[in-house]
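To keep things clear, I will list the structure first and then write my remarks on it.
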Amino acid sequence: MKNIVVLVSGGGTNLQRIIDTIKSNEIVNAQVSLVVADRDCYGLQRAENEGIKNKMIPRGKNFCELLEKEIPENTDLIVLAGFLSIMTQDFCQKFEGKIINIHPALLPKFGGKGMWGMHVHNAVIAAEEKTSGATVHFVTAGVDEGEIILQGKVDISENDTPESLAEKIHSVEYDIFPKAINIVLQNK
């Protein structure tokens, strides 16, 4: 059984998708052993509802040090699921190849510092892009610069708003996130 630690900052919808796809065996031979949030959020309640160990570690200079102490030795994968804090270089190096993130754009476009949530969708619409999507990638010290594992695309219509684009991309995230987790875990 592979052990996954999930990091969240918000409502935890991607966390719930991971939990549900583990239950349905879409993600095989795995379990979420710990959920950590960097702020009080509904993602912690989702973990609690599922009986998964969870902890809130407030954002701050020593966040990664405190997080490292909480991560069980037998962790196979750390999944950033709507997690907004930036990981330190030391943390990224220690867990290199074991941390993945989902980003609501087709990296390398529309990635990097400040590019999260609606900021991404606003930028994509403003740039008059014809397609967008989601990317699951390995986490490195460079924000959104890690190797791409899987991407899913959506077409952008002239009537799309940042909000309607966000909805389209969220369903792509639901599709590719479990697949990407399987890909990484099968290579461990």
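For segment 1-20, a residue qualifies if it is touching a residue at least 60 places away in the same chain (Cβ under 8 Å) and over 15 Å from the mean Cα position of the chain (by Cα), and the qualifying residues are 2, 3. Here segment 60-79 is the region considered, the condition is being part of a loop (DSSP other than H, G, I, E, B) and either under 17 Å from the mean Cα position of the chain (by Cα) or among the acidic types (Asp, Glu) (or both), and the residue that is surrounded by the fewest Cβ atoms within 10 Å (Cβ to Cβ) is 73.
Name, by its number, the condition in (1) polar (S, T, N, Q); (2) assigned to a loop (DSSP other than H, G, I, E, B); (3) over 17 Å from the mean Cα position of the chain (by Cα) that does not hold for residue 140. It fails just one condition, (3).
Kindly establish whether residue 82 is part of a loop (DSSP other than H, G, I, E, B), at positive phi, surrounded by 18 or more Cβ atoms within 10 Å (Cβ to Cβ) and out of contact with any Lys or Arg (no Cβ under 6 Å at 6 or more places or on another chain). Yes.
For every residue, the table says whether it meets (1) surrounded by fewer than 18 Cβ atoms within 10 Å (Cβ to Cβ); (2) modelled with pLDDT under 95; (3) of a type in the set (A, V, I, L, M, F, W, C).
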| site | (1), (2), (3) |
| --- | --- |
| 115 | no, yes, yes |
| 126 | yes, no, yes |
| 133 | no, no, no |
| 136 | no, no, yes |
| 139 | no, no, yes |
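Suppose the filter is under 25 Å from residue 77 (Cα atoms) and surrounded by fewer than 18 Cβ atoms within 10 Å (Cβ to Cβ); does residue 146 pass it? So residue 146 fails the test.
Among the numbered conditions (1) buried (at least 17 other Cβ atoms within 10 Å of the Cβ); (2) within 17 Å of residue 135 (Cβ to Cβ), the only one that residue 170 does not meet is (1). Among the residues making up segment 38-52, those that are over 13 Å from residue 13 (Cα atoms), touching a strand residue (DSSP E or B) at 6+ places or on another chain (Cβ under 9 Å) and either in contact (Cβ under 8 Å) with a residue 40 or more places away in the chain or not in a helix (DSSP H, G or I) (or both) are 38, 39, 40, 50, 52.
The values are calculated or read from the model by the stated rules, or taken from the named source; none is laboratory data. Computed from a predicted model, the values in this text were never measured in an experiment. Ideal geometry is used to build each Cβ from the backbone, glycine not excepted, and the neighbour counts take in all protein chains shown.
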